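Input: a single structure, listed below in structure tokens.
The values are calculated or read from the model by the stated rules, or taken from the named source; none is laboratory data. Because the structure is a prediction, the values reported are computed rather than measured. In this analysis, Cβ positions are derived from the backbone assuming ideal geometry, glycine residues included, and neighbour counts consider all displayed protein chains. Heads up: the accessible areas ignore ligands, DNA and RNA and are worked out on the full protein's heavy atoms, side chains in. Shrake-Rupley method; radii C 1.70, N 1.55, O 1.52, S 1.80 Å.
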Amino acid sequence: MDAFFASPEPHLCRNLRDACLRRTPTIVQSSPGLDPIVDFARSCVRGLYADPRTLESRFLYDAQGSALFEEITRQPEYYLTRTEAAILAAHAAEIRELTGPTRILELGSGSSLKTDHLLKAWLERGGPTRYYPVDVSSAALSAACAGIRSRFPAVEMVGIQCQYREVFPLLAQLSPVLVAFLGSSIGNFAPPEMLAFVRTLAAALRPGDFFLLGVDLVKERSILEAAYNDQAGVTARFTRNLFVRMNRELDAGIDLDAIEHAAWYRQDQELVEISARFTREQSFRLTPPGRVITMGQGDLVRTEISRKFRMERVIPELEGCGFAAERVFTDSQRWFALLLLRRRPLYSPRRAGKRPL
Ligand code: AVI
């Protein structure tokens, strides 16, 4: 397979190169940087002292959180996953037609189930199909790799356990590549973060490479609020799991019975805001660094935002970051869209006279 890789992430590169040379489905991890517990503790302290109180949503995806998220995707109210999967099923062959025989790298791959449609379309056209799922959760990644191994033994695959950005330095060497970022995970970024992410991705790709992006579209409040307040209470368990994790990893001793899930649509910002509400006053301490945090009755801690998009706004934004929209695929209700974007050449005629990207 691919015998290359050298980048600012030497540990990741070396492991990835070795994995590719061995031609075995392997999981490689990013370099051990900050201790994950210290990272989590610092982020929690920073977020719980901030105004408004906010926790970083990346910490929702420990092994339990990733499993709960998979359960969310199967809830009848959570239309996102099945709508996107149907779009992929209908258009994967056309996507393969448009991209040609690229490698596929999937950011935040989770269970990788929807990716089956892409892998099938790639395999059907013959030639090697190379797939690189990237996820922060090693449990989710191992399960996804095992599943793909059994469903698609012909796929050459290397799972990469790291945060999204850590993999960017490798992208140029994976070219020609299609980077898939599905499920509207981009909606979990605040607007400036999203733009920074897309710009960095564009800068890391070679001109002509592809970005397949799933975005959830603005729709009626009742549909959105139902999706984030499922009857079975799985989303509530997902939110509460962040505090379960604080108890387990940071010895916080939080009374979990005094935490309820709250999610509502903020039309002014076109996003679903997801929070944990403390129903009783309580104080707790996170170890390390051992600071006391006091929450009053009714206090909210925001755990996620989930932005909803309008095509007429998001496409120009993405184009301004260095991509050209090649094709937009959507469902009959226009609830969800899959955007196939292409990294523009560094000097494109469209930008003649403007600052080069
Ligand atoms: C991962 N992400 C796209 C989900 C969403 O819909 O924003 C996370 C989620 N949180 C609660 N339900 C789903």
Difference of contour (0.36 nm per residue) and Cα-Cα distance, Leu113 to Ala139: 7.9 nm
Accessible area of the chain divided out per residue, in Å², using a probe of 1.4 angstrom: 43 Å²
Separation between the Gln267 and Gln297 pseudo-spin-labels, each 7 Å from Cα along Cα→Cβ, expressed in nm? 3.2 nm
Would you please give the FRET efficiency between Asp255 and Tyr49, computed as 1/(1 + (r/R0)^6) with r the Cβ-Cβ distance and R0 = 22 Å, to the nearest 0.05? 0.65
Most fluctuating residue of Ser185, Ser111, Ser137 in a GNM of the chain with Cα springs under 10 Å: which is it? Ser185
Compare Ile223, Ile274 by solvent-accessible area with a 1.4 Å probe and give them largest first, with all protein chains kept in place. Ile223, Ile274
How much accessible surface does Ile37 have with a 1.4 Å probe, in Å² rounded to 10? 60 Å²
With every protein chain left in place, what is the accessible area of Tyr131 in Å² (1.4 Å probe, nearest 10)? 0 Å²
Would you tell me the accessible area of Phe210, worked out with a 1.4 angstrom probe on the heavy atoms of the protein chains, in Å² to the nearest 10? 0 Å²
Full-extension gain in nm, Glu312 to Glu326, via 0.36 nm per residue minus C-alpha separation: 3.6 nm
Set the Förster radius R0 to 25 Å, insert the Cβ-Cβ distance between Arg165 and Arg248 as r into 1/(1 + (r/R0)^6), and round the FRET efficiency to 0.05. 0.40
Quote to one decimal, in nm, the extra length available between Ala63 and Leu98 on full extension: 0.36 nm per residue of separation minus the C-alpha distance between them. 9.0 nm
Percent of beta bridges antiparallel (DSSP, the chain, rounded to nearest 5): 60 percent
Positive-end residue, the chain charge dipole about Cα centroid, Cβ charges, pick of Ala190, Gly298, Leu119: Leu119
Evaluate E = 1/(1 + (r/R0)^6) for Arg334 and Arg149, where r is the Cβ-Cβ distance and R0 equals 51 Å; express this FRET efficiency to the nearest 0.05. 0.90
I need the shape label for the chain. Rule: rounded when a/c is under 1.5, else prolate if a/b > b/c, else oblate, with a, b, c from the alpha carbon gyration tensor. prolate
Rounded to the nearest percent, how much of the accessible area of the chain (1.4 Å probe, protein heavy atoms only) is carbon and sulfur? 51 percent
Under unit Cβ charges (Lys, Arg +1; Asp, Glu -1), what dipole magnitude, rounded to 20 debye, does region 134-218 have relative to its Cα centre? 120 debye
Only residues of region 293-324 count here: report those whose backbone N is under 16 Å from the spot 7 Å along Cα→Cβ of Ala203, or say none. 320-323
Give, rounded to the nearest 20 debye, the magnitude of the charge dipole that region 263-334 has about its Cα centre when Lys and Arg contribute +1 at Cβ and Asp and Glu contribute -1 at Cβ. 320 debye
Projecting each Cα onto the charge dipole of the chain (Lys/Arg +1, Asp/Glu -1 at the beta carbon, about the Cα centre), which of Ile87, Ile223, Val155 comes out farthest on the positive side? Val155
